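Asker: Please read through the structure below; I'll follow up with questions.
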């Protein structure tokens with residue numbers, strides 16, 4: 001089971017990285033008020049969350065032994 005601190009950290013990572021990715025990839029559309037590609041917008045948050053969660057869980061499992 002994934003521990004709360006792993007989830008909390010993954011959320012923080014995904015908010016930071018996802019925001020950076022959205023600014024890089026869709027910044028011009030956001031600033032001009034143009035249509036945003038919502039599937040890509042959400043994936044920019046989901047992927048860092050999944051990577052951070054997987055990495056933390058894998059590291060903890062490695063520590064167990």
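So that you can scan it fast, the table gives a plain yes or no per residue for (1) surrounded by 13 or more Cβ atoms within 10 Å (Cβ to Cβ); (2) modelled with pLDDT of 95 or more:
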{"site": "1", "(1), (2)": "no, no"}
{"site": "7", "(1), (2)": "yes, no"}
{"site": "17", "(1), (2)": "yes, yes"}
{"site": "28", "(1), (2)": "no, no"}
{"site": "45", "(1), (2)": "yes, yes"}
{"site": "57", "(1), (2)": "yes, no"}
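Asker: Can I ask one more? Looking only at residues that are touching a helix residue (DSSP H, G or I) at 6+ places or on another chain (Cβ under 8 Å) and not in a helix (DSSP H, G or I) in the range 5-40, which one is nearest to residue 56 (Cα to Cα)?
Answerer: 37
Asker: Assuming residue 48 fulfils every condition listed in (1) part of a helix (DSSP H, G or I); (2) without any contact (Cβ under 8 Å) to a residue 12 or more places away in the chain apart from one, which condition is it?
Answerer: Condition not satisfied by residue 48: (2).
Asker: Among (1) in a helix (DSSP H, G or I); (2) modelled with pLDDT of 90 or more, there is one condition residue 62 misses while meeting the rest; what is its number?
Answerer: With respect to (1) in a helix (DSSP H, G or I); (2) modelled with pLDDT of 90 or more, residue 62 is out only on (2).
Asker: If you check residue 24 against the conditions, is it free of Cβ contacts under 8 Å to residues at least 24 places away in the same chain and surrounded by 13 or more Cβ atoms within 10 Å (Cβ to Cβ)?
Answerer: For residue 24, the condition - free of Cβ contacts under 8 Å to residues at least 24 places away in the same chain and surrounded by 13 or more Cβ atoms within 10 Å (Cβ to Cβ) - is not met.
The values are calculated or read from the model by the stated rules, or taken from the named source; none is laboratory data. Quick caveat: nothing in here was measured; it's all calculated off a predicted structure. We place every Cβ from the backbone using ideal geometry, glycine too, and count neighbours over all the protein chains shown.
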